[in-house]
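Before any comments, here is the structure.
The values are calculated or read from the model by the stated rules, or taken from the named source; none is laboratory data. Just so we're clear, the structure is a prediction, and the values are computed from it rather than from any experiment. Cβ coordinates were reconstructed from backbone atoms using ideal geometry, including for glycine residues, and neighbour counts include every protein chain displayed.
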Amino acid sequence: MIAQEVIVAKSQELHQVVDEIVSVVTDALREHTPIHEVEAKSLKMLLRAGQKAAQLLVDCLGNGDVGPEHQLPDGTTVKRSDEPQQREYVSIFGKIDIQRYVYVQRKGQAIEFAAVDARLALPAGKFSYLLQDWDQNFAVEEPFGQTVKMVQRILGLKQHVDSLERMNQEMAQQADTFQASLPVPPAEEEGEIFVQTADGKGVPIRRPADAPPIRDHQHRSGPKPDRKKMATVTAVYSINRLVRTPEQVVESLFRDPRQPGPKTPRPHPRHKQMRALLDHVDMNGDEVDGRAAVFSWMSEQLAVRHAGSDKPIVCIMDGEEPLWIMRDVFQKDIPMIDILDLLHVTPRLWDAAMLFHPKGSRAADTFVRERVTRILHGDVSGVVRGLRRMGTLKEVRGTKGTTLRKICRYLEKNRDRMRYDQYLACGYPIASGVIEGACRHVVKDRLERTGMNWTIPGAQAMLELRCIYLTEQWDTFIEFRIARETQRLYPYRDTLKTLHWHVAA
């Protein structure tokens, strides 16, 4: 038990730091100190004050001695440790010293009750919930090493990359449960159309330490087999219709970004939800088929959000056939409008243009513009016939001929998903805008940076957290996770109100 005199002394130390902050202002007025220097000095003092305030709270709570024995609400009797036990705790202000009694059934067993831990709602690990929040909020956007440097520069805390990686994976274990707990959006808040989209993105995977050397790859160029694993990234949202003409779409595609143009108000996605899954083993040790799992999840989303509605459902994806096959497996009974993402068509038309015209030429630009316009008017077959006829007349052979045939086959294969004239008239989305861009960037902006490679558990954890972060649900997720972990760690926390131990006034 800490003597009352010690509590008073520590309280005075806190007041002293506050007085020092005030003196910074008075000194700055006298010495003409630049305000940025005042900021720097004040921040350091505020961090000191925060550390002393947190330590004072812990000290005032005492050591949590509720007697030699304590009976839990379920009838279990636990016994007090012989001496107070040290608890490691790192806050945003630095380390806090926590000495408290713990209660177990028998020596050597896991702690079943610690009044101070429960009263403070301490996390399972040593890092405070607020520090975890800040660490991972940075880490979902920046490399772990950069996050360590940023936090150290701001708070003066030295952390290790390994700690942040473990923290990331532990935090992500609650992501699936969090997604399932989200309430169904009110029907009146949904847009006029429901949209689902999916895409496959490769994640660079680290070769396991015990894997045999891949000697047969030493002299091969290009990406090595098994160095990337495919993550399936999906999004479900609703949106209002936006009716446009083919000419308006073409104008937006070819507009010079340096020239200001008329801005058409565009509807915004509503209640966007995202998931991204690799093939992996989950926290229960079960193998998860990532692609199957996300399509199952999308089906569940539509089942609850579209229930009782006659609003159209649009499925917009690229031409990767396994995605459409998986869609049919899980959603064959859900009526949908299938749309090939226009932004997977235009690059192929540019590839075709390069077969007949110099790159960057006005002729190439005109070639693509004319064919995009025709495709948007519904003339996919005519464009394919024209490409083949040009290939014959220009005697396109060899590698160029192979490229031209692939382009034509792609357009023919996806013709039924390219009724863009009908889609535009109905106000359906036909290209990957902000939402689909974010869908792709779940992987690219964080997991595919130069030199990066991941373990599968590490990559899956980052994907889970980035989806939450990019859908602006981070704060809600943090609150959810803390509430669940507190309930798991301290199921008897509410009973503390009836317990009495020495607490400083």
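Residue-by-condition table, conditions (1) over 30 Å from Asn63 (Cα atoms); (2) surrounded by 13 or more Cβ atoms within 10 Å (Cβ to Cβ):
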{"position": "Pro457", "(1), (2)": "yes, yes"}
{"position": "Ala461", "(1), (2)": "yes, yes"}
{"position": "Glu464", "(1), (2)": "yes, yes"}
{"position": "Leu470", "(1), (2)": "yes, yes"}
{"position": "Thr476", "(1), (2)": "yes, yes"}
{"position": "Thr486", "(1), (2)": "no, yes"}
{"position": "Tyr490", "(1), (2)": "no, yes"}
{"position": "Asp494", "(1), (2)": "no, no"}
{"position": "His500", "(1), (2)": "no, no"}
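For residues in segment 272-286 being modelled with pLDDT of 90 or more and either of a type in the set (Val, Ile, Thr) or farther than 19 Å from Thr177 by Cβ (or both), which is surrounded by the most Cβ atoms within 10 Å (Cβ to Cβ)?
So the residue we want is Lys272.
Considering only segment 107-118, state which residues are more than 21 Å from Glu170 (Cα to Cα) and either touching a strand residue (DSSP E or B) at 6+ places or on another chain (Cβ under 8 Å) or buried (at least 20 other Cβ atoms within 10 Å of the Cβ) (or both).
Result: Glu112, Phe113, Ala114, Ala115, Val116.
Across segment 477-505, what is the number of residues that are under 12 Å from Asp117 (Cα atoms) and of a type in the set (S, T, N, Q)?
1
When you scan segment 381-415, how many residues do you find that are more than 15 Å from His344 (Cβ to Cβ) and touching a residue at least 40 places away in the same chain (Cβ under 8 Å)?
4
Are any of the residues in segment 13-24 touching a residue at least 40 places away in the same chain (Cβ under 8 Å) and closer than 23 Å to Val90 by Cβ?
yes
Output the residue which, of all residues in segment 326-335 that are touching a residue at least 24 places away in the same chain (Cβ under 8 Å) and farther than 13 Å from Ala303 by Cβ, is surrounded by the fewest Cβ atoms within 10 Å (Cβ to Cβ).
Narrowing segment 326-335 to residues touching a residue at least 24 places away in the same chain (Cβ under 8 Å): 326-327, 329-331, 334.
Within this subset, residues satisfying the condition of being farther than 13 Å from Ala303 by Cβ are 326-327, 329.
Numbers: Met326: 19, Arg327: 20, Val329: 12.
Here the answer is Val329.
Scan segment 374-428 residue by residue and report those that are of a type in the set (Ser, Thr, Tyr) and surrounded by fewer than 20 Cβ atoms within 10 Å (Cβ to Cβ).
Correct list: Ser381, Thr392, Thr399, Thr402, Thr403, Tyr410.
Could you check segment 34-141 for strands (runs of 3 or more DSSP E) lying wholly inside it with 3 or more residues that are without any contact (Cβ under 8 Å) to a residue 60 or more places away in the chain and among the charged types (D, E, K, R)?
Passing ranges, in order: 94-100.
Would you tally the residues in segment 287-299 being surrounded by 15 or more Cβ atoms within 10 Å (Cβ to Cβ) and charged (D, E, K, R)?
The total comes to 2.
If only one of Gln99, Gln132, Gln169, Gln86 is in contact with a Pro (Cβ under 9 Å, 6 or more places away or on another chain), polar (S, T, N, Q) and more than 26 Å from Ile468 (Cβ to Cβ), which one is it?
Gln99
Return the only residue of Arg241, Arg258 being modelled with pLDDT under 95 and not in a strand (DSSP E or B).
Of the residues listed, the single one that is modelled with pLDDT under 95 and not in a strand (DSSP E or B) is Arg258.
Among the residues in segment 67-76, are any in the same structural domain as Arg106 (by TED's automatic domain parsing), surrounded by 12 or more Cβ atoms within 10 Å (Cβ to Cβ) and on the phi > 0 side of the Ramachandran plot?
Yes, segment 67-76 has at least one match.
Can you find a residue that is more than 30 Å from Leu46 (Cβ to Cβ), surrounded by 15 or more Cβ atoms within 10 Å (Cβ to Cβ) and of a type in the set (Val, Ile, Thr) anywhere in segment 132-154?
Checking segment 132-154: not a single residue is more than 30 Å from Leu46 (Cβ to Cβ), surrounded by 15 or more Cβ atoms within 10 Å (Cβ to Cβ) and of a type in the set (Val, Ile, Thr).
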